[in-house]
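Chemist: Questions regarding the structure given below will be posed in turn.
The values are calculated or read from the model by the stated rules, or taken from the named source; none is laboratory data. Just so it is clear, the structure is predicted and the values come from calculations on it, not from any experiment. Because the Cβ atoms are built from the backbone with ideal geometry, glycine has one as well, and the counts that use them run over all protein chains shown. Surface accessibility is based on the protein's heavy atoms, side chains included, excluding ligands, DNA and RNA. Shrake-Rupley method; radii C 1.70, N 1.55, O 1.52, S 1.80 Å.
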Amino acid sequence: MGDLATALGMLADPTLILVVLASAVYGLFIGAIPGLSATLATALLVPFVFFLDPLPAIAAVITMSAMAIFAGDLPSALVRMPGTPASAAYTEDAYLQTRAGHGARALGVALVGSVIGGIAGAVVLMVAAPLLAEFALQFTSYEYFWIAVLGLTASVIISAGSQVKGAISLLIGLILATVGIDIALGYARFTFGSTDLLQGISFIPAMIGLFGLSEVLRGVLRPGGPVHVARLRTQGMFRETVHTLRRYWRGMVSGNAIGSVIGALPGAGGDIAAWVSYAATKNASKEGHLFGKGEGHVAPIVSAGSANNAALASAYVPTLVFGIPGDTITAILLGVLLVKGVQPGPVLFENDAPLLYGIYLIFILANLLLIPLGYLAIRGSAWLLRVPSTVLMPVIVAFCVVGSFSINNGYLEIVIMLVLGVLGYLLERSGFPLAPVVLGLVLGPIVEKNFMQSVIKTDWDLTQFLTRPISAALLVLTVLVLLYPVLRGLLRRRSAVDASG
Amino acid sequence: MTADPTAAPTGIPWRHDLVSGLLAAVLGAAVVLHVRTFPELPDGQPGPALFPSIVGGLLVLFGLVLVVRAVLARGEPAADPDAGITGRGRLRALAVLGLVVGYVLLAETLGFLLTMGVLLFLLMWLLGARPLVAVLAAAATTGFILLVFEELLLVPLPQGLFG
């Protein structure tokens, strides 16, 4: 209990409160602007949080992302464009609801659903993380090697679009991770004679480029025309919202469960959680044929809207326990923590309980704060959407440039940001997902370090990777994950045969 | 429901996939060839070259898989990834890249204030903001960054000749 008191004391810090409020407003703003994702918001926020202590830094990212994922629903309902990809699944329904005069209810449901989803995900984090951490205390370099390999494998298998392309994305991330001093001999790899590159590709400028600059490039290449902003009537919004949520509570529960599970998988974030939850709700609902048509339907907004926020919180489970990020947001945060000398892992649970309690409390705080701020955002949404992109895009570029520079006061960082920005744009244009690139960058060194440590320790006795019980279990799990698409294909074919026969 | 992004086909034209698959394979092959010059561990065991060569080898493999799949998918309907991109759009993208390159080249000589202020104005103006709006927004952004990074975060921004 002493730790909890310490954590509460840490929350009373005025700097922290200021950071939370500022990042909340920032998150609502970025989230509400179509085309800017929560990942981009995180990448741009990083240069600021880089200068803070670990807890305020994590608090800023948590608050900002919770706000941004909800705010992504605003332009969905008003201009039929998802503010963040996590809202894309139910954008059609939200917009059609607004057209039919139920816009305030749709957004009210999205808001309260987000709050409940966020808190449910936080509860999952509080319960699951310490249990897993206790288990993970028995891990050695062999198990960490497999955990990282499992994370890499899962990120490819669940990546959106083609898995071959996901694999290529991952390998590009892994190659980028090998730039710099190698850990076995201290040999300089792929530095092309540059002494600045000896320390490797700086993670933060890489993220700013991949998600910030590439998004701007996409935005200016295909500028949208003037948008028609629908109007909302917010009278009686909360009464209607509560009524709707009581009616569709089953969808809410399943949305929270799906979001929590998917969020904890490496590489799958709120976007995929929302799509899966949408599909599950549609299958379970008698009114599924109405989804996305006519007046749209509020049921998918209840379930998918809470699933994406639940996924945000549960993504911290593997991040904190194993140092394997659950989504791109936690991947960026993990990069920051590592730079700041905080090594996530089971030891963190033994040694730094106040930090962990602080993180749990911030999740609850951020989600409670979402109620008043989210309501204000709904009221002001029409205004939020009028920010001209002709001004906004250059401002984002300026922050990309200064943000990359500030990490090391170096111009090489700006160049890394530029190169990865162009690379990120080209990859995504050709259907390659970006999340595996990040996971490769973060997990590549972990895989290599734990492998080399293990084999040098035992004089290249590779059997240890297979015969240690937890290692063997993780290996089997990895193979199962690899075989999942094949198994799914077989099962589908069988059920198709059953149905026709 | 609109297109589910978790569904398999990516809708990218096959020639496009052919080129990206080839590029991936070439990159992988280049990595594998290059790491052969890396030293081994003292007892002759693989060291710094081990991981890059595994990754490079897998890149060749998956690149070729993509090439094969692209060839097999010939004639299937696909969306043009460049649809909707105009010459003007390309010019705007070049202007964005120009701001970054221009900053890297000029900031040390001209200082942050002048370089960022002028480049921001030019970019906003090129993207279509009205000159007065562009001047005000560029000045406000530059001032805000200077305040936050230099005063609050204590990042020394380049001073330049006029600093």
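Chemist: For B:Thr142, indicate whether it is assigned to a helix (DSSP H, G or I), within 9 Å of chain A (Cβ to nearest Cβ), touching a residue at least 24 places away in the same chain (Cβ under 8 Å) and of a type in the set (S, T, N, Q).
Modeler: On the way: assigned to a helix (DSSP H, G or I): yes; within 9 Å of chain A (Cβ to nearest Cβ): yes; touching a residue at least 24 places away in the same chain (Cβ under 8 Å): yes; of a type in the set (S, T, N, Q): yes.
Yes, satisfied.
Chemist: Sticking with this one: Could you look through the range A:329-348, keep only residues that are closer than 16 Å to A:Pro436 by Cα and in contact with a Pro (Cβ under 9 Å, 6 or more places away or on another chain), and pick out the one that is modelled with the highest pLDDT? I'd like the intermediate steps shown before the answer.
Modeler: Keep residues of the range A:329-348 that are closer than 16 Å to A:Pro436 by Cα, which gives A:329-335.
Narrowing the set further to residues that are in contact with a Pro (Cβ under 9 Å, 6 or more places away or on another chain) leaves A:330-335.
On the way: A:Thr330: 94, A:Ala331: 91, A:Ile332: 90, A:Leu333: 90, A:Leu334: 89, A:Gly335: 84.
The selected residue is A:Thr330.
Chemist: Of the residues A:Ala57, A:Ala89, A:Ala77, A:Ala7, which is part of a helix (DSSP H, G or I), in contact with a Phe, Trp or Tyr (Cβ under 8 Å, 6 or more places away or on another chain), more than 23 Å from A:Ile407 (Cβ to Cβ) and within 14 Å of chain B (Cβ to nearest Cβ)? Full working, then the answer.
Modeler: On the way: A:Ala57 fails: more than 23 Å from A:Ile407 (Cβ to Cβ); A:Ala77 fails: within 14 Å of chain B (Cβ to nearest Cβ); A:Ala7 fails: within 14 Å of chain B (Cβ to nearest Cβ).
Answer to the check: A:Ala89.
Chemist: Looking at A:Leu439, A:Leu434, A:Leu427, A:Leu423 in this structure, which one is closer than 19 Å to A:Phe211 by Cα and touching an Asp or Glu at 6+ places or on another chain (Cβ under 9 Å)?
Modeler: On the way: A:Leu439 fails: touching an Asp or Glu at 6+ places or on another chain (Cβ under 9 Å); A:Leu427 fails: touching an Asp or Glu at 6+ places or on another chain (Cβ under 9 Å); A:Leu423 fails: touching an Asp or Glu at 6+ places or on another chain (Cβ under 9 Å).
Residue meeting the stated conditions: A:Leu434.
Chemist: When the residues of the range A:158-174 are filtered to those that are open to solvent by 20 Å² or more (accessible area, probe 1.4 Å) and out of contact with any Ser or Thr (no Cβ under 9 Å at 6 or more places or on another chain), which remaining residue is nearest to the other protein chains (Cβ to nearest Cβ)?
Modeler: Checking each candidate, the answer is A:Leu174.
Results for (1) open to solvent by less than 40 Å² (accessible area, probe 1.4 Å); (2) part of a helix (DSSP H, G or I); (3) in contact with an Asp or Glu (Cβ under 7 Å, 6 or more places away or on another chain), shown as yes or no for each residue.
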{"site": "B:Ala24", "(1), (2), (3)": "yes, yes, no"}
{"site": "B:Leu33", "(1), (2), (3)": "no, yes, no"}
{"site": "B:Leu41", "(1), (2), (3)": "yes, no, no"}
{"site": "B:Pro48", "(1), (2), (3)": "yes, no, yes"}
{"site": "B:Pro52", "(1), (2), (3)": "yes, yes, no"}
{"site": "B:Leu58", "(1), (2), (3)": "no, yes, no"}
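Chemist: Is at least one residue of the range B:117-127 open to solvent by less than 10 Å² (accessible area, probe 1.4 Å), free of Cβ contacts under 8 Å to residues at least 12 places away in the same chain, facing another protein chain (nearest Cβ under 7 Å) and part of a helix (DSSP H, G or I)?
Modeler: no
Chemist: Right, here's the next one. Of all residues in the range B:145-163, which are more than 10 Å from every other protein chain (Cβ to nearest Cβ) and open to solvent by less than 30 Å² (accessible area, probe 1.4 Å)?
Modeler: Within the range B:145-163, just B:Gly160 meets the criteria.
Chemist: A further question follows. Exactly one condition in (1) under 12 Å from the mean Cα position of the chain (by Cα); (2) assigned to a helix (DSSP H, G or I) is not met by A:Gly305; state its number.
Modeler: It fails just one condition, (1).
Chemist: Also, I was wondering about something else. Scan the range A:93-109 and give yes if some residue there is within 14 Å of chain B (Cβ to nearest Cβ), in contact with a Lys or Arg (Cβ under 7 Å, 6 or more places away or on another chain) and part of a helix (DSSP H, G or I), otherwise no. So that I can check it myself, show each step before the final result.
Modeler: Keep residues of the range A:93-109 that are within 14 Å of chain B (Cβ to nearest Cβ), which gives A:93-96.
Applying the additional criterion that residues be in contact with a Lys or Arg (Cβ under 7 Å, 6 or more places away or on another chain) yields A:95.
The next check asks that each one be part of a helix (DSSP H, G or I); those that pass are A:95.
Yes, some residue in the range A:93-109 is within 14 Å of chain B (Cβ to nearest Cβ), in contact with a Lys or Arg (Cβ under 7 Å, 6 or more places away or on another chain) and part of a helix (DSSP H, G or I).
Chemist: For the list (1) more than 7 Å from chain A (Cβ to nearest Cβ); (2) in contact with a helix residue (DSSP H, G or I) (Cβ under 7 Å, 6 or more places away or on another chain); (3) modelled with pLDDT under 95, I need the number of the one condition that B:Gly57 fails.
Modeler: The failed condition is (3).
Chemist: Could you look through the range A:424-456, keep only residues that are of a type in the set (Phe, Trp, Tyr) and assigned to a helix (DSSP H, G or I), and pick out the one that is farthest from B:Ser20 (Cα to Cα)?
Modeler: So the residue we want is A:Phe451.
Chemist: Let me ask something additional. Checking the structure you have, find out if any residue of the range A:461-481 is touching a Pro at 6+ places or on another chain (Cβ under 9 Å), open to solvent by 50 Å² or more (accessible area, probe 1.4 Å) and without any contact (Cβ under 8 Å) to a residue 40 or more places away in the chain. Lay out the reasoning, then the answer.
Modeler: Step one: of the range A:461-481, the residues touching a Pro at 6+ places or on another chain (Cβ under 9 Å) are none.
No: zero hits.
Chemist: Which members of the range A:189-200 meet the condition of being open to solvent by 40 Å² or more (accessible area, probe 1.4 Å) and either in contact (Cβ under 8 Å) with a residue 24 or more places away in the chain or facing chain B (nearest Cβ under 10 Å) (or both)? Lay out the reasoning, then the answer.
Modeler: Here is the first cut: in the range A:189-200, the residues open to solvent by 40 Å² or more (accessible area, probe 1.4 Å) are A:192-193, A:195-196, A:198-199.
Selection gives A:Asp196 alone.
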